[in-house]
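Notes follow once the structure below has been shown.
Nothing in this text is a laboratory measurement; each read-out follows from the coordinates by a stated rule. These figures come from a predicted structure and were not determined experimentally. Cβ sites come from the backbone with ideal geometry, for glycine too, and all protein chains shown count toward neighbours.
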Amino acid sequence: MPGPPEPYAELPPADWAPPRRASPGRRAAGTFALLALVLVAGRLWVAPRLQVGALDAWATIFIAICVQALPFLVFGVALSAAITAFVPARVWTRVLPRRPAAAVPVAGALGAVLPGCECASVPVAGGLMARGVAPAAALTFLLAAPAINPIVLVATAIAFPGQPAMVAGRFVASLLVAVLAGWAWLWFGRGRWLRVPRRPEAAAGRRWEAFAEAMRHDLMHAGGFLVVGGAAAATINVVVPREWVTGIAGVPVLSVLTLAVLAVLMSICSEADAFVAASLTAFSPTAKLAFLVVGPMVDLKLIALQTGFFGRSFAIRFIPLTFVLAVTVSIIVGEALT
């Protein structure tokens with residue numbers, strides 16, 4: 001079987017090292033100063049022009065998204081830093097098959113054992129790439145981990161009591177989408193589209209220093225994109241009337257697309273999205289399945305995080321690919337189980 005079109009070993013290194021133009025402290029100070037300026041401007045000029053209820057709803061949704069995602073983001077950043085500092089690259093060559101095509105489904109299966117949401121999976125996937133894991137396998141893990149881990153499946157079973165088909169459908173459809181997306185990127189992706197983190201293996205006596213540096217970098221990097229994604233999701237939740245969504249629940253294909261797009265816009269953590277899906281009683285089980293499959297793989301905060309970690313060229317190709325696969329597979333699996 002022929003290999004990928006371009007060997008990933010020849011990828012140019014990503015800009016992971018601390019930038020020379022400004023120290024991390026100055027960059028953090030600038031970020032917080034900009035955030036403070038935006039908040040002050042919003043309070044003085046934007047808030048008086050909005051209804052109090054809408055502003056309160058926006059603030060509640062924004063804070064809820066950030067607070068809900070932050071612990072998992074920190075967990076993912078810490079795990080990624082630990083992979084970088086303490087796990088030698090040779091370990092991954094033993095755990096995963098050498099052939100990338102075979103490593104993709106194995107990486108998808110490994111995603112079933114890591115409790116965490118989509119925010120955690122992005123930095124972990126970056127850490128895996130930095131340690132020599134094939135990008136296609138790391139991306140498969142990125143998609144599978146937040147969708148089929150035990151916590152998510154248990155939450156789905158609780159949200160849909162007496163409906164084991166919904167739990168099985170979510171597991172099968174999500175794993176299938178992750179593997180198909182990984183294979184698609186392996187065979188059709190180009191090295192220049194993906195910015196792979198390059199982190200040199202830490203010396204034996206400097207592992208904790210490397211851990212702290214990697215965690216500080218990823219946390220500062222990912223935290224800003226999480227805020228951007230949370231703000232966008234909160235805005236969409238406030239602006240889009242719910243009547244527009246429920247009014248098309250009776251149209252089969254359109255209802256599936258509606259809940260798929262709604263999953264992207266609402267950006268709910270994968271541990272909680274099943275309860276939201278269960279509350280959408282006007283929609284079919286297939287449409288609800290699409291909501292559960294798309295959400296952990298494509299949402300606004302994930303789009304922001306993936307763009308920040310892997311580059312815009314990657315995001316504009318991989319995100320539409322994932323969305324199309326998630327919707328298509330959800331329809332096929334949903335119809336087969338109902």
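A few comments on the model shown:
- Per-residue HN-Hα couplings for region 151-157 [Karplus 6.51, -1.76, 1.60; θ = phi - 60°; Hz; x = Gly/Pro]: 4, 5, 5, 5, 4, 5, 5
- As a rough guide to protection, the peptides 275-285, 147-157, 118-128 ranked by mean Cβ packing within 10 Å, highest first, stand as 118-128, 147-157, 275-285.
- The length gained by stretching the chain between ALA336 and SER313 to full extension, at 0.36 nm per residue less their Cα-Cα distance, is 4.7 nm.
- Placing a pseudo-label 7 Å from each Cα along the Cα-to-Cβ vector at ALA59 and VAL154 gives an inter-label distance of 3.5 nm.
- Full extension of the chain between ARG99 and ALA82 yields a length gain of 3.6 nm, computed as 0.36 nm times the residue separation minus the alpha carbon distance.
- Cβ-derived FRET efficiency at R0 41 Å, THR235 paired with TRP187, nearest 0.05: 0.65
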